[in-house]
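The values are calculated or read from the model by the stated rules, or taken from the named source; none is laboratory data. Not measured: the values here are computed from a predicted model. As a convention, Cβ positions derive from the backbone with ideal geometry for all residues, glycine included, and neighbour counts pool all protein chains shown. Accessible surface is based on the protein model in full, side chains and every heavy atom, while ligands, DNA and RNA are left aside. Shrake-Rupley method; radii C 1.70, N 1.55, O 1.52, S 1.80 Å.
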Protein chains: 2
Amino acid sequence: MPTVHVNLGPRSYDIEIGNGNLAEAAKFCDAEADDAHAVVITDSNVDGLYTETVTDPLADLGCEVDILVIEAGEQSKSSDVAAELWERMLDEGADRKSVVVALGGGVVGDLAGFVAATFGRGLRFVQIPTTLLAQVDSSVGGKVGINLPGGKNMVGAFWQPRGVLIDVDVLQSLPDREYRAGLAEVVKYGVIQDADFFAYLEANIEPVNDREPSVLTRIVERCCRLKADVVEQDEREETGLRSILNYGHTFCHAFEAATGYEQLLHGEGVAIGMMCAARLSERLGRVDAAFVERQRVLLEAFRLPLDVPDVDRDELIELMYRDKKVERGKLRFVLPTRMGHVELVRDVATDDIVASLHG
Amino acid sequence: MPTVHVNLGPRSYDIEIGNGNLAEAAKFCDAEADDAHAVVITDSNVDGLYTETVTDPLADLGCEVDILVIEAGEQSKSSDVAAELWERMLDEGADRKSVVVALGGGVVGDLAGFVAATFGRGLRFVQIPTTLLAQVDSSVGGKVGINLPGGKNMVGAFWQPRGVLIDVDVLQSLPDREYRAGLAEVVKYGVIQDADFFAYLEANIEPVNDREPSVLTRIVERCCRLKADVVEQDEREETGLRSILNYGHTFCHAFEAATGYEQLLHGEGVAIGMMCAARLSERLGRVDAAFVERQRVLLEAFRLPLDVPDVDRDELIELMYRDKKVERGKLRFVLPTRMGHVELVRDVATDDIVASLHG
């Protein structure tokens, strides 16, 4: 079973990737310890599918298990739902010895991670991501948080999990649209860090679309390793390196906010945002038209939407200026210079940004 | 001007203690930097008194200053008010380059610190404590947080300030009751860590009650040093050492919760809790009656309440079991063995706890 080790000194941990390994959470939960207590946070979509597979082995080892189910969807990543979870954990007697297990997609992982980072000033937590997007991106690296009505991921913490347990088999039951949305982040890693991986994806469009298990394992492992490489060098996004992972995301966050977080899945927003960023890079003379086209062809092969949503352009620009990645009023963008390499570009003119919205 | 250095590696900082130094916040705020931005969080009591003294010099240096005023009182230390502050900071354009300045007592420091720890996954923050309790205790050491309806300080983080600016002159305007409440924490340091300091307080009851400036400076400096010694060795309360600072607090938190956080000031609860803990220690044969009496005489000289509030005893016990310091259902207490020394005691019988509630 492939393991990706994330080396962060005292906060190091393993990402274990397998097939049918969903029942192996015990090792990350100290489930055999006296007074072991796990708080499993999941959502209404995942609850009926995988909860028992995860919790039964924990309970069999004598671990007390509480299951807290939130409503599926981005709207749960709010301060209200966080406050509700804090209260419920208090009611269940959670304390510093408890482990929070995030079982679900990105929303569950981010929200449960934030709750774990703050309840009792910080509890241990374990990620069991069940969507492709969460497996290749949000469950790795310790970024946890919630949205504000005025902006996505505006509140949160850097809080590393004790371990990440990835079962690629669960991807077989993922709705088509969600699976594709995850592929946007997969393509992203190729563009920003690994030209060979981008070429591998180009050469394997059919098996990827067919969710072939061996290909899924390889993809998830590679993406986790690429993300870990970045996180190990810039855990708290201080040097600027980690921000390369935000390729396409300044656009994406504006699209999501403008459409009320309902029309687009995050990965879909990333795909559209990557196209805007690539066009912006072309406008600024950093890549050529062939680069933009190559990215477009692969995203299209994975049947991702590529058109900017039909919302007011001025509003989009304003939303970008409100994004967390703005430094005192100056927008910065992660832009490619060649396949597998991006750079952080500051002081981009608003006119260029507007122009890059159009395909 | 006395400075206490808190040595926490990359999170080290200075506590500067002076008279009339409230205008010197600039050094901790990078106020002269390009795009400097300070978000000053204060409460309705402090706002009219000291805000301008703090903010005018910042603004004079070109720093953009936003002032957010919360309602004074413990009820503001809630998830609702935190969410409100997050929203307002987003509206004011706060970002990772902004500095949060907590200007006020313990409620402001804890709440503003929590907001700083979580907005944008963590902003720099500066403590300017304006009550004795905040100056000697809550502003030092990085514990920040909010209350849940079901329990005090249940949600939070360890988030160290970049600096603490203490002006003991502001203590002259502190209401009598609040000043005394702070003295409870001062006495606590003597009991748990420093017999000589306890004797110093016994020898200086009148100047302490008269708020003599030189005595105030000495007291604040000594308490900050004593707290820093503990925090430097156990920043995240992992080894058990830091929990000695919670002497009297398991009782105190139950009293506060049982009386709805309105009847008692925190320091008053600490004074009563210290008496319970001393009696408990006597019952367990760890100190003699003379120790309990010596502590009582000093707390009484500072005119602190010492009687347990008139609430149901069973409710108090139940509340103690809900406290964050409980480890999977086992209460533990910080109990003195001699003046200046305490130990962590586990598995105390409920009968002994109940008996120690009575004077």
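Annotations
- So residue A:72, is it closer than 20 Å to residue A:146 by Cβ and surrounded by fewer than 20 Cβ atoms within 10 Å (Cβ to Cβ): yes
- Unique match (being of a type in the set (D, E, K, R), farther than 22 Å from residue B:190 by Cα and away from chain A (no Cβ under 14 Å)) among B:307, B:347, B:352, B:323: B:352
Residues checked against (1) under 21 Å from residue B:293 (Cβ atoms); (2) modelled with pLDDT under 95; (3) aliphatic (A, V, I, L, M):
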residue	(1), (2), (3)
B:194	yes, no, no
B:206	yes, no, no
B:209	yes, no, no
B:214	no, no, no
B:223	no, no, no
B:227	no, no, no
B:240	no, yes, no
B:247	yes, no, no
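- Here residue A:171 fulfils each of the conditions (1) buried (at least 24 other Cβ atoms within 10 Å of the Cβ); (2) closer than 21 Å to residue A:270 by Cα apart from (1).
- When residue A:162 is tested against (1) more than 24 Å from residue A:99 (Cβ to Cβ); (2) open to solvent by 20 Å² or more (accessible area, probe 1.4 Å), exactly one condition is not met: (1).
- Unique residue being more than 21 Å from residue A:348 (Cα to Cα), in contact with a Phe, Trp or Tyr (Cβ under 8 Å, 6 or more places away or on another chain) and among the hydrophobic types (A, V, I, L, M, F, W, C) when the list is A:316, A:299, A:304, A:264: A:264
- Any chance residue A:181 is assigned to a strand (DSSP E or B) and away from chain B (no Cβ under 14 Å): no
- Candidate set: region B:1-13, residues that are outside any helix (DSSP H, G or I) and more than 17 Å from the chain's Cα centre (by Cα); chosen: the one modelled with the lowest pLDDT: B:1
- Single condition residue B:83 does not satisfy, out of (1) assigned to a loop (DSSP other than H, G, I, E, B); (2) facing another protein chain (nearest Cβ under 10 Å); (3) among the aliphatic types (A, V, I, L, M): (1)
- Test: residue in region B:260-272 that is of a type in the set (Ser, Thr, Tyr) and closer than 19 Å to residue B:333 by Cα: no
- Selection count, region B:33-55, where residues are charged (D, E, K, R), open to solvent by 50 Å² or more (accessible area, probe 1.4 Å) and more than 14 Å from chain A (Cβ to nearest Cβ): 2
- Residues that are touching a residue at least 24 places away in the same chain (Cβ under 8 Å) and in a loop (DSSP other than H, G, I, E, B), drawn from region A:207-230: A:211
- Only listed residue being touching a Leu at 6+ places or on another chain (Cβ under 8 Å) and outside the structural domain of residue A:217 (by TED's automatic domain parsing), chosen from A:168, A:186: A:168
- Only strands (runs of 3 or more DSSP E) whose full extent lies in region A:93-154 are considered here, and the ones with at least 3 residues that are facing chain B (nearest Cβ under 10 Å) and open to solvent by less than 10 Å² (accessible area, probe 1.4 Å) are A:143-148.
- Test: residue in region B:57-68 that is open to solvent by 10 Å² or more (accessible area, probe 1.4 Å) and under 25 Å from residue B:261 (Cα atoms): no
- Residue B:204 passes every criterion in (1) under 18 Å from residue B:297 (Cα atoms); (2) in contact (Cβ under 8 Å) with a residue 24 or more places away in the chain apart from (2).
- Listed by first and then second residue, the pairs with beta-carbon distance under 9 Å, at least 6 apart or on different chains, first residue in region A:297-319 and touching a residue at least 12 places away in the same chain (Cβ under 8 Å) and under 24 Å from residue A:151 (Cα atoms), second open to solvent by 30 Å² or more (accessible area, probe 1.4 Å) and part of a loop (DSSP other than H, G, I, E, B), are A:306/A:359; A:307/A:359; A:308/A:358; A:308/A:359; A:309/A:263.
- Residue B:22 touching a helix residue (DSSP H, G or I) at 6+ places or on another chain (Cβ under 8 Å), in contact (Cβ under 8 Å) with a residue 60 or more places away in the chain and among the hydrophobic types (A, V, I, L, M, F, W, C): yes
- Across region A:14-32, the qualifying residues are those that are open to solvent by less than 40 Å² (accessible area, probe 1.4 Å) and in contact with a Gly (Cβ under 8 Å, 6 or more places away or on another chain), and the one among them that is modelled with the lowest pLDDT is A:31.
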